[in-house]
1. Order of 209-218, 269-278 by packing, highest average Cβ count within 10 Å first?
2. Less than 18 Å from a label point 7 Å out along the Cα-to-Cβ axis of GLU638: which backbone N atoms in segment 688-720 qualify, by residue?
3. Could you tell me what percent of the accessible area of segment 59-179 is made up of carbon and sulfur, with a 1.4 Å probe and every protein chain present?
4. Counting only helical runs of four or more DSSP H residues, what would the 222 nm mean residue ellipticity of the chain come to if each run contributes -39,500 (n - 2.57) and the total is spread over all its residues?
5. Evaluate the distance, in nm, between pseudo-label points positioned 7 Å from the Cα of SER52 and of GLN120 along their respective Cα→Cβ axes.
6. Under the 0.36 nm per residue contour assumption, what length would be gained going from the current alpha-carbon distance of ASP179 and LYS734 to full extension?
7. If you average the C-alpha positions of segment 548-587 and of segment 209-282 separately, how far apart do those two centres end up, in angstrom?
8. Among the lysines, which have Cα under 18 Å from the Cα of LYS613 when same-chain residues fewer than 8 positions away are ignored?
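The values are calculated or read from the model by the stated rules, or taken from the named source; none is laboratory data. Since the model is a prediction, treat every value here as computed from it, not as a measurement. FYI the Cβ positions are ideal-geometry reconstructions off the backbone, even for glycines, and counts take in every protein chain you see. The protein model used for the area step is the full one, side chains on, heavy atoms only, and it has no ligands, DNA or RNA in it. Shrake-Rupley method; radii C 1.70, N 1.55, O 1.52, S 1.80 Å.
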Amino acid sequence: MSKAILSRIKPRHRLKTSSSLPPHINNLVSDVIQILKSHQSQEPLQSRFAQSNVVVSDVAHFVIDRVHDPELALKFFDWASTRPFSCSLDGVAHSSLLKVLARFRVFSEIESVLESMKAQNLVPTRGAFSALILAYGESGSVDRALQLFHAVREMHNCFPSVAASNSLLNALVMSGKVDVALQLYDKMLQTDDGNGAAVDNYSTSIMVKGLCNSGKIEDGWRLIKDRWGKSCVPHVVFYNMIINGYCKKGDLQCATRTLKELKMKGVLPTVETYGALINGFCKAGEFEAVDQFLTEMAARGLNTNVKVFNNIIDAEYKHGLVAKAAETMRRMAEMGCEPDITTYNVMINFSCRGGRTKEADELIEKAKERALLPNKFSYTPLMHAYCKQGDYNKASSMLFRVAELGEKPDLVSYGAFIHGVVVAGEIDVALMVKEKMKEKGVFPDAQIYNVLMSGLCKSGRFSAMKLLLSEMLDRNVQPDAYVYATMIDGFIRSGELDEAIKLFEVIIRKGIDPGVVGYNAMIKGFCKFGKMTDALSFLNKMKNVHHAPDEYTYSTVIDGYVKQHDMSSALKMFGQMMKHKFKPNVITYTSLINGFCKKADMIRAEKVFGGMKTFNLEPNVVTYTTLVGGFFKAGRPEKATSTFELMLMNGCFPNDATFHYMVNGLTNTALTPALVEKSDSKENERSLILDFFTMMILDGWEPVIAAYNSIIVCLCKHGMVDTAQLLQTKMLNKGFLIDSVCFTALLHGLCQKGKSKEWRNIVSCDQSKIDLQTAVKYSLTLDKYLYQGRLSEASIILQTLIEDSKFSEQLMKM
């Protein structure tokens, strides 16, 4: 598009008027400004005005107009307002201050000045109103700009400047309030207030673009035709808007018809005309028509620019035409059209959508080789791809690369990264990025705040969570139901149930539906604090507002009853859960098992445990640990240890709680006289761990050491050598050195995993302190369990060590 055409529709600049001041006044104003810039005290100001015999209020607006610094303007204004023996500052001086503040977007001070003027019955000038409307409109404060627009109409019976009016029209259109903008535009057209034209071509183009973007292309057409002949000449820019509007709407037939009308009226189509058409047909996948437009452009001598090629390549990729996209790039090169960074961004985006991050990285490097500067659209797809792959370090490096470029990563980019790092547990990094966002002028939305709230809640940082809510409300970002549910859960975790109740009541008053997640959070809180009546009340409230309780709801209430030792009510709720066709989960069953274990009712605990198979549920570490602890407490070590072995057999790794129950349970069992009597029972009736433990006790080992070693033996038998080594490390930390049995167990475990040649590097201990004879004894016992009595590789290694030891002793004697 030619510069001449563009100049016909760009916004009209504000005219700057300058009054000729008498020399002594001009010198006074210059001196005052110099004093303001170089002095902190007020004495020089007082002295200079005293010398001039000029009243401060008479020249205040001249000083403020020429200061060009809001802080200095406010400083002088405050000083001038308090001068004794001086007239108070008039509306002109106030208006000059408003214009300075508007230029620098100091909105809090603007509102303060307006309030002060209202109290003094002073009216801002039309110029001040225009400056304010322009500032608020360009800053996105559309409602306030609209209020000021109506105020200038009411107080001055005229419109603000055309530039200010256009700023408001554009702000209304950008915020989706096209109908309001159209009403304003019509008033501006119909009114002649004596201040010159209230609209220009740019006003019309704003409205046409707004109507076309909102799908009201015919209304845009009518608006253009109404303006033709009234200082508005038909030109290609208006046609381009209409064609682009039809293409965005998907009405390609009307877009083509408009092109024909354009040609018939003698208006020459531009690259932008064809670009809009090509983009529309590309999105529809009509690439034959695209080729015809390209041919027509060439016939008219119009060079296809890189923007048009980029749209074509992007569409071909999106329609899966990878080979055709490559052909378009070759055609682009043949025509001498150099790819720009957008071209590479299209290819990077395509690679990232397929998860080919290495390929995308290579494209960025190729772009750099062409002296093209990657931007946020280059790095954002890569950041998303790395986040999806769980590589948050590389994802963060992409975000920081964008920041280093001086570009603003958008809300989506920041949101994706913040979500990724919060999931990874790096909440401080997420909060830091949130602050960086704000510094860059990108402010978090409700979704980002929710992610941050969740991270703070999970890390127990409830004070920070409250501050974040305060910040959210200050920024006029209204929390949604999930944000509130996260906060309720946070208050409950910190023991502040009353705060959670208050917050829930606020949600209801605001007319926000807490949803199932909100009700569940409150029910969880009541159950945690033993308020089961309130929990049931909320359960009924859920039903009354047509929110069906889910499996989480029922599981929470069941667990609440269990913690109150009310197993009868817990089972009734379990029955309700089954009646409503909800499948109990592992947590539900574990909660019931825990309840029966606490009552030492192991028969019913086993029955519930067996019921898990009905729903093909695999017990987790908490389930097994609960049963192990329950059986030991009930004086049934055989069942406790066999449950532990079942746990290992099913590939469920024990945790610290499991080891605690096992060590304490076995140690207490060692004090039972019946233990020795049971040592003669058949092997298949007893567990390996209990047999080993009994054997060690009978051999005189300390119960605690016997317990640890028996557990390590069992872990190694089931291939959990790494876990066994971690437990052995815990033994060392408690002051228990590695002994013959522990050494033997680890050796067996390593041999089972095919690491018999590496045992010296893995099992770190002083072999001179290992009783090899004892080690062989326990190794042979292990062979009975693992190899049906056949000699194992571990036993052979131990016997070899004994022979080597004997040989060494003989050499020492010689």
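1. Going from most to least packed, we get 269-278, 209-218.
2. Only 688-695 pass the distance filter.
3. Details: 2790 of 5320 Å².
The C+S portion of the solvent-accessible surface of segment 59-179 is 53 percent.
4. So the calculated ellipticity at 222 nm is -22500 deg cm²/dmol.
5. 1.8 nm
6. Working: separation 555, 0.36 × 555 = 199.80 nm, distance 7.67 nm.
This chain segment gains 192.1 nm when fully extended.
7. A separation of 64 Å, based on Cα centres.
8. LYS581, LYS583
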